[in-house]
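The values are calculated or read from the model by the stated rules, or taken from the named source; none is laboratory data. Everything quoted here is computed from the prediction, not taken from an experiment. FYI the Cβ positions are ideal-geometry reconstructions off the backbone, even for glycines, and counts take in every protein chain you see. Heavy atoms of the whole protein, side chains included, go into the accessibility calculation; ligands, DNA and RNA do not. Shrake-Rupley method; radii C 1.70, N 1.55, O 1.52, S 1.80 Å.
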Number of protein chains: 4
Amino acid sequence: MNAEDLTRVQRLIAAGRLFHRRGWVPATGGNFSARRDAGTMLITASGCHKGELEPEHFLVADLDGKPLQVGRKASYETLLHCQLYRFDVAIGAVLHTHSIANTVLSRRYEGICLAGYELLKLLPGISTHDAAVIVPVFENDQDIARLAARVDAHLRERPQTPAYLIAGHGLYAWGADVDQARWRVEALEFMFECELRSQALKE
Amino acid sequence: MNAEDLTRVQRLIAAGRLFHRRGWVPATGGNFSARRDAGTMLITASGCHKGELEPEHFLVADLDGKPLQVGRKASYETLLHCQLYRFDVAIGAVLHTHSIANTVLSRRYEGICLAGYELLKLLPGISTHDAAVIVPVFENDQDIARLAARVDAHLRERPQTPAYLIAGHGLYAWGADVDQARWRVEALEFMFECELRSQALKE
Amino acid sequence: MNAEDLTRVQRLIAAGRLFHRRGWVPATGGNFSARRDAGTMLITASGCHKGELEPEHFLVADLDGKPLQVGRKASYETLLHCQLYRFDVAIGAVLHTHSIANTVLSRRYEGICLAGYELLKLLPGISTHDAAVIVPVFENDQDIARLAARVDAHLRERPQTPAYLIAGHGLYAWGADVDQARWRVEALEFMFECELRSQALKE
Amino acid sequence: MNAEDLTRVQRLIAAGRLFHRRGWVPATGGNFSARRDAGTMLITASGCHKGELEPEHFLVADLDGKPLQVGRKASYETLLHCQLYRFDVAIGAVLHTHSIANTVLSRRYEGICLAGYELLKLLPGISTHDAAVIVPVFENDQDIARLAARVDAHLRERPQTPAYLIAGHGLYAWGADVDQARWRVEALEFMFECELRSQALKE
């Protein structure tokens, strides 16, 4: 692991600690990655706890999800990371979280509309609160290749999609680097929680 | 206490700190144990605060709940730990928590059905979100031997039970070792909180 | 400040940090004290932040609330602490918190009934979950002497009262020492939050 | 940066860390400032994360919002800070937060009435819980000069206004120094959360 890789890994470890304190990556839930170059990424290994990551919990894989080191096993959902890195060369990091709010909302709706929030400005291509985005919800599927293909078809049709949810499972968000991806997770989770709290209010 | 015991104790102390930060072991609530061998376990002493454990708060007891050291008093609910270790030799750790979500749900329902969550995959024998488990709720009882017998009868009839609740009291979860048991607590508490938040929403 | 006082102060400072992390002592809200002997107590000074206490934020006062040091000003609500220390010589510490749950409940009800919780066993004189206690709610009053007299009359009539609330203001709880008082706060706040969450659920 | 400036910056950094732990400044949301003298202030730079501030994230600007250092860019909402410092010479610090509670409430109401809370005593000019204040809600606007003019007109008409909200965006609060402003944020956020929790209860 070179110095740049170590920096990426340290930013991912810090994101994991923050997310776990917030309750967004319970147990071994979630997975994180960062692009290294045009053809490879660093990604969390299968089955580790995302709030207690160490550098040895990361491995290098190509964008077909194949580990470069013999004997390592990448996260079960590696192909969803690959899909994003192949879809857009500007994507430098992908973060997947399981929060209470995103899980509850994703089990009830086929898409989450976020409108009128100042924090929308954290999302790609948005410069005003006076905007609306749809975060689509995909049905969960243990066949990750099939799920990745559905995500890919959706993003090709609606390239402005800022992030997506998998029902009962969680959020996939991304950015040019780990910090931008993390900031978007913070903004999205904030807006999801606002939506959930709003729906619990009396009329 | 030998080196292996000290490792077990350190993992239980760390679990307690995490659980207390989350509000899952208020005051002296909860108790934790880890199996040492076929016939003995380490278990928290009676009356200590589970977020501020030190090695001296643990004692060794046999699987009838009898402390091996003279003058020590094991947790009031020791027999519930014994029941699990005797029921299944593969159980290596037992964690009991009192969260807001598990307390509120356990006071309202006779069992909690968890279905469609990705995190179900943390539970024993489940490899897909497309599953449903029932976490049974037992009526609380200050006669712990009687309560342990009811739990034992239930588990013998339904050995796939992944964990159980005691009404107004809390969760009992287990695993092959302390970390697996803790991960299951994190996953179960997450799903309980999702259930509770969902039930607070308007239709 | 002698060694015993310093120990009491350190336990109160630790309680304040924990309570602030939980959101139970916002801003300068709350106040804490510990009995020194039959006639004096240590109590937080007026206007300090209870999550960031230092030893100099405490002063010694007699049980009429009069500071022993010239020029120090005790907490505005000192007479409520005095009432408890005079009411029962076994009371060694008094903790006053402002949580979301205790504030919301105290604005809606004239008393909070807690029944069927395992954590009731943390309260004085209770050894089973199969019990019920009433935490009375007093109307708030900026005339603290008058409020203290109302509390005193209530406690003399119902000496088993485990703690009390002031409407829109917060909880007063106590114990033989700082740790027992803190554990009772943890248990009471837990049960208040359970009550609040339960009331937000659909029937 | 002189010694007094460094102290102000350290207090603002500490406030940011606390607010982020509470979830009140997600991502790059929020901004903070402290007055230096009659004509200048320290303010957070544009686009930095408010929970992870370092001294280099602050710059000096005059009360028209113009940075004194060449090449620095002040927070996008600098003019809202300027408005307050120009409006009242006694204002020494301004803190802007984005909490779940203030965001949800500000999207539903044109003003938030806070009455009967002991913590009202933290607000300017209030010495009893038996008071009521209105926290006005302004419509969000990406034209900050126009928004600042609306705020200014409102405050000139109702100078007792203790703080204000921007719909879907957040809270602006202030005080004589950073600590007083922070304490008011803690008190206001507490009362907003109480209001939100109350509205989620069944009748």
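Against the definition (of a type in the set (Lys, Arg) and within 14 Å of chain D (Cβ to nearest Cβ)), how does C:ARG146 come out, yes or no?
Yes; evaluated as a whole, the condition is true for this residue.
With respect to the numbered conditions (1) part of a loop (DSSP other than H, G, I, E, B); (2) touching a helix residue (DSSP H, G or I) at 6+ places or on another chain (Cβ under 6 Å), which one is the sole condition not fulfilled by A:ILE112?
(1)
What's the number of the only condition in (1) surrounded by fewer than 22 Cβ atoms within 10 Å (Cβ to Cβ); (2) touching a helix residue (DSSP H, G or I) at 6+ places or on another chain (Cβ under 8 Å); (3) of a type in the set (A, V, I, L, M); (4) under 28 Å from A:ARG184 (Cα atoms) that D:ALA14 fails to meet?
(2)
From the set of residues in the stretch B:160-172 that are open to solvent by 10 Å² or more (accessible area, probe 1.4 Å) and of a type outside the set (Ser, Thr, Tyr), which is farthest from the chain's Cα centre (by Cα)? Don't jump to the end; show me each part of the working.
Just the residues of the stretch B:160-172 that are open to solvent by 10 Å² or more (accessible area, probe 1.4 Å), to begin with: B:160-161, B:167.
Add one more test, that the residue is of a type outside the set (Ser, Thr, Tyr), and what stays is B:160, B:167.
Numbers: B:GLN160: 16, B:ALA167: 14 Å.
Taking the candidates together, the pick is B:GLN160.
Within the stretch A:122-154, restricting attention to residues that are open to solvent by 60 Å² or more (accessible area, probe 1.4 Å) and of a type in the set (D, E, K, R), which residue is farthest from B:GLU118 (Cα to Cα)?
A:ASP130
Identify the single condition in (1) touching a strand residue (DSSP E or B) at 6+ places or on another chain (Cβ under 7 Å); (2) within 28 Å of D:ALA115 (Cβ to Cβ); (3) at pLDDT 95 or above that C:GLU77 does not satisfy, given that it satisfies every other one.
Result: C:GLU77 passes all but (3).
Scan the stretch C:93-108 for residues that are in contact with a Lys or Arg (Cβ under 7 Å, 6 or more places away or on another chain) and open to solvent by 10 Å² or more (accessible area, probe 1.4 Å) and jot them down.
Once the filter is applied, which keeps residues that are in contact with a Lys or Arg (Cβ under 7 Å, 6 or more places away or on another chain) and open to solvent by 10 Å² or more (accessible area, probe 1.4 Å), the stretch C:93-108 yields only C:ILE100.
I need a count of the residues in the stretch B:97-118 that are touching a Ser or Thr at 6+ places or on another chain (Cβ under 9 Å), without any contact (Cβ under 8 Å) to a residue 24 or more places away in the chain and within 12 Å of chain A (Cβ to nearest Cβ).
Count: 1.
Out of everything in the stretch D:155-166 that is under 24 Å from D:GLY116 (Cα atoms) and of a type outside the set (Ser, Thr, Tyr), what residue ends up being nearest to the other protein chains (Cβ to nearest Cβ)?
Among residues in the stretch D:155-166 that are under 24 Å from D:GLY116 (Cα atoms) and of a type outside the set (Ser, Thr, Tyr), the one nearest to the other protein chains (Cβ to nearest Cβ) is D:ILE166.
Of the numbered conditions (1) within 14 Å of another protein chain (Cβ to nearest Cβ); (2) open to solvent by less than 10 Å² (accessible area, probe 1.4 Å); (3) within 21 Å of D:ASP5 (Cβ to Cβ), D:GLU52 satisfies every one except a single condition; which is it?
With (1) within 14 Å of another protein chain (Cβ to nearest Cβ); (2) open to solvent by less than 10 Å² (accessible area, probe 1.4 Å); (3) within 21 Å of D:ASP5 (Cβ to Cβ) applied to D:GLU52, the lone miss is (2).
If you scan the stretch A:186-203, which residues turn out to be of a type in the set (Asp, Glu) and more than 7 Å from every other protein chain (Cβ to nearest Cβ)?
Hits for the stretch A:186-203 are A:GLU189, A:GLU195, A:GLU203.
Quick one: which residue in B:GLU157, B:GLU118 is surrounded by 18 or more Cβ atoms within 10 Å (Cβ to Cβ) and out of contact with any Leu (no Cβ under 9 Å at 6 or more places or on another chain)?
One residue alone meets the criteria, B:GLU118.
Could you identify the single residue in A:ALA38, A:ALA34, A:ALA45 that is more than 12 Å from every other protein chain (Cβ to nearest Cβ), open to solvent by less than 70 Å² (accessible area, probe 1.4 Å) and in contact (Cβ under 8 Å) with a residue 40 or more places away in the chain?
On the way: A:ALA38 fails: open to solvent by less than 70 Å² (accessible area, probe 1.4 Å); A:ALA45 fails: in contact (Cβ under 8 Å) with a residue 40 or more places away in the chain.
Exactly one residue qualifies, and that residue is A:ALA34.
Do we have B:ALA61 as small (Gly, Ala, Ser), at pLDDT 95 or above and open to solvent by 20 Å² or more (accessible area, probe 1.4 Å) here? Spell out the reasoning first.
Values: small (Gly, Ala, Ser): yes; at pLDDT 95 or above: yes; open to solvent by 20 Å² or more (accessible area, probe 1.4 Å): no.
So B:ALA61 fails the test.
Out of D:VAL25, D:VAL9, D:VAL94, I need the residue that is within 14 Å of chain A (Cβ to nearest Cβ), among the β-branched types (Val, Ile, Thr) and in contact with a helix residue (DSSP H, G or I) (Cβ under 6 Å, 6 or more places away or on another chain). Which one? Working first, answer last.
Working: D:VAL9 fails: within 14 Å of chain A (Cβ to nearest Cβ); D:VAL94 fails: within 14 Å of chain A (Cβ to nearest Cβ).
Going through D:VAL25, D:VAL9, D:VAL94 in turn, just one is within 14 Å of chain A (Cβ to nearest Cβ), among the β-branched types (Val, Ile, Thr) and in contact with a helix residue (DSSP H, G or I) (Cβ under 6 Å, 6 or more places away or on another chain): D:VAL25.
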